[in-house]
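*Asks:* For reference, the structure I am asking about is given below.
The values are calculated or read from the model by the stated rules, or taken from the named source; none is laboratory data. Everything numeric in this text was worked out from a predicted model, so none of it was measured. Heads up, the Cβs are rebuilt from the backbone with ideal geometry, glycines too, and the neighbour counts pull from every protein chain shown. These area figures cover heavy atoms from the full protein model, side chains too; ligands, DNA and RNA do not enter into them. Shrake-Rupley method; radii C 1.70, N 1.55, O 1.52, S 1.80 Å.
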Amino acid sequence: MNKKTLTLLFASAALTAAAGLPALSALHDAASGDTAAPLSAFAGSDDQQRPTMLAEDDHEDEGGGVSRAGSDDEEGECGDDDGNCGPAAAAPAPAGSVPPPQNGLFDNSTAPKVQVK
Amino acid sequence: MMKSLLAALALTTALSLPTAAMARPVTLSAKLKDYGGNNAYLALYVTDKNNNYAGTLWLAGSRTRYFEHLAGWYNATGGDTSQINGITGASVGSGRTLEVTLDLKDALFDQGYTLHIDAAAENMRDSPNDVVAPLTAAGAGTPVKGRRYISSFHYSM
């Protein structure tokens, strides 16, 4: 075996190790239950940065009624079919998170109290 | 010395009384019918004696895409969420009761103001002006019947 063959063997072994170790690591993570690990390459390692995937908005309004009213009030608006995520589509701030508007109807120094019975 | 102290006390009392009397806690209570559908969106808003929109008191439901179904409120506001920041909560289930307590200005009562409630629920008909209730001191505690989703509404103070 000459020097050239040894160099080739060494190079191919190094390439295999370089490609194989990350894959092995991903497999290990998946087996341990951390299924989000492969997504981190696309959405960052922080959970807060992962894209939210909605699979609920594929039906149309019917008969002048609300479609999907109230089933998940806390979601954002970027899952809209029209893709409108601009300021106009921003969800309103819930009571208690900001002072009520100064519309002259009430004393907005006191937060409203609400309950659903 | 005593005289000036009494005068100062009288002055501060006189100044604080009108402030205390300008607003009072008012509880708005809307009981929904058992209409059998999903949660309802409700917009509670006020018009003046000329039927012009005066402002919103509460909006139950937070997804802006559905606000257009609250037709009376939406036509008046264009769905402007800046008008409902801080006065928004979850939508209300069938058969349940929404109770909101706000410090309402005294000037709203007996001055020709009217409270409206628009209602809408998933895949059911929209109901603008489901409740229309003139705001009067004498009307406190008197139930007002709703048209479609709201069984009865009253305010107490």
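*Asks:* Take B:ASN39 and tell me if it is crowded, with 19+ Cβ neighbours inside 10 Å and polar (S, T, N, Q). Even if it seems obvious, please write down each step before you answer.
*Replies:* Details: crowded, with 19+ Cβ neighbours inside 10 Å: yes; polar (S, T, N, Q): yes.
In short, yes.
*Asks:* Determine if the stretch B:66-81 includes at least one residue that is in contact with a Pro (Cβ under 8 Å, 6 or more places away or on another chain), within 7 Å of chain A (Cβ to nearest Cβ), crowded, with 16+ Cβ neighbours inside 10 Å and over 12 Å from B:LEU28 (Cβ atoms).
*Replies:* Looking through the stretch B:66-81, at least one residue is in contact with a Pro (Cβ under 8 Å, 6 or more places away or on another chain), within 7 Å of chain A (Cβ to nearest Cβ), crowded, with 16+ Cβ neighbours inside 10 Å and over 12 Å from B:LEU28 (Cβ atoms).
*Asks:* Which residues, taken from the stretch A:98-117, are surrounded by fewer than 15 Cβ atoms within 10 Å (Cβ to Cβ) and more than 7 Å from chain B (Cβ to nearest Cβ)?
*Replies:* Of everything in the stretch A:98-117, those that are surrounded by fewer than 15 Cβ atoms within 10 Å (Cβ to Cβ) and more than 7 Å from chain B (Cβ to nearest Cβ) turn out to be A:GLN102, A:SER109.
*Asks:* Residues of the stretch B:112-136 being open to solvent by 50 Å² or more (accessible area, probe 1.4 Å) and either within 12 Å of chain A (Cβ to nearest Cβ) or of a type in the set (A, V, I, L, M, F, W, C) (or both), which ones?
*Replies:* Within the stretch B:112-136, B:TYR113, B:ASN123, B:MET124, B:ARG125, B:VAL132 meet the criteria.
*Asks:* Select from the stretch B:94-111 the residues that are among the acidic types (Asp, Glu) and within 13 Å of chain A (Cβ to nearest Cβ) and write down the one among them that is nearest to B:LEU28 (Cα to Cα). Steps first, answer last, please.
*Replies:* As a first pass, look at the stretch B:94-111 and keep what is among the acidic types (Asp, Glu): B:99, B:103, B:106, B:110.
Keeping just the survivors that are within 13 Å of chain A (Cβ to nearest Cβ) gives B:99, B:103, B:106.
Numbers: B:GLU99: 6, B:ASP103: 11, B:ASP106: 15 Å.
My answer is B:GLU99.
*Asks:* Here is a follow-up. Check whether at least one residue in the stretch B:21-32 is modelled with pLDDT of 95 or more, at the interface with another protein chain (Cβ under 7 Å from one of its Cβ atoms) and open to solvent by less than 20 Å² (accessible area, probe 1.4 Å), and report yes or no.
*Replies:* If we filter the stretch B:21-32 for residues that are modelled with pLDDT of 95 or more, which is where we start, we get B:27-32.
Retained after the next criterion (residues that are at the interface with another protein chain (Cβ under 7 Å from one of its Cβ atoms)): none.
No, there is no match, as no residue in the stretch B:21-32 is modelled with pLDDT of 95 or more, at the interface with another protein chain (Cβ under 7 Å from one of its Cβ atoms) and open to solvent by less than 20 Å² (accessible area, probe 1.4 Å).
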